[in-house]
Each structure stands twice: as structure tokens, then as C-alpha cells.
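Down below is the structure, laid out as C-alpha cells.
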């Protein structure tokens, strides 16, 4: 059984696409579809091998909003909407980004979201970069990170005011080193 999220986290958290909006998909029930849970676990497995002994927990939440979050205690949540929006390589990039918050110098003091609403631009870019390094270590295409950000930005469920940051981060990665083109 998955633990409930404390109320104080809900008060300070932002979501991937909400940019501080009232929508909080992590309050939704965990997905019970075994195929979705199995897919998320399968995609995350090679990434988690590179995380050492840190306790990590991956959850899939029942929300249409394409979102991902990480908490300092090692919880990572992705939504059904994120799984529906992304292919496996891009889903791995989203999970790698969230792991980047947890493994990248321990800067995460509260909940973090893919859109950066709960962290600074520097922290989001650092998590993107750590995620790219993790993808490379796992033999996955580093370009999946930029493609993931672009696909989340392009989702009809992503509010327009979140698009500029997602676009900026995707462009930054697309125009980075040649190694990101693999």
C-alpha cells in the first residue's frame, strides 16, 4: 500500500503543468492498471540501478495531466497523463530529470516538478543535465530529454503560461553539445 502524502506537501507543491495552479494530481489515487505500473517500472529500472543505495519509490498517479514530481525522501511520481503522452525514451527522460533533482547535489528541499515551478531555473537545468548524464550512462538517447520537454509543452493539458520555460529548456538542450543529438 502506498503512503498518503502529507498535507503540508500539498500546500507547498507545484505541478509539472500547473505552474502553481490549484490542480494537484498527486492527491489522486494511484493507478491500479497493472500494465501502466509495469511500464513505468520497466522504464525506470535501468535508471534506478545507477542511483546507488538511496531508497527510491516510483508511483503512478491517476491524472490526465502530464506531470512528474520528486520529493527529498526519494518519492518520484509520474501521472497516467505523462505515460499517455510520452514514448518509453521520453518517459525515461522524465524519470531521469526527477532523479536528477534527488542525485544532483541534494539541492531538493521541497517537492520539485518538471516545469520548474518549485525550483529555480538553475536547479531545473541542473536536473535536466543530471538526467541527460543518467540517460547516457544507461545507453539511452540524451536527446530524449529535450523531446520529453517539448512533448509536455505541446500537450493540450499543459497551461500556456508554462510553455515558455519548457520551451526554453528544450531549446537549450537541443542546441547543446552534438552528443545530445544521438
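For segment 65-109, filtered to residues that are at pLDDT below 90, within 21 Å of residue 157 (Cα to Cα) and part of a loop (DSSP other than H, G, I, E, B), the residue that is nearest to the chain's Cα centre (by Cα) is 67. In a residue-by-residue description of segment 50-60, the property of being in contact with a strand residue (DSSP E or B) (Cβ under 9 Å, 6 or more places away or on another chain), farther than 22 Å from residue 145 by Cβ and at pLDDT 90 or above applies to at least one position.
Would you confirm, using the coordinates I've provided, whether residue 4 is modelled with pLDDT under 55 and out of contact with any strand residue (DSSP E or B) (no Cβ under 9 Å at 6 or more places or on another chain)? So residue 4 fits the description; yes.
The values are calculated or read from the model by the stated rules, or taken from the named source; none is laboratory data. Here the structure is a predicted model, which is why all the values come from computation and not from measurement. A quick note on method: Cβ atoms are made from the backbone with ideal geometry, for glycine too, and the neighbour counts reach across all protein chains shown.
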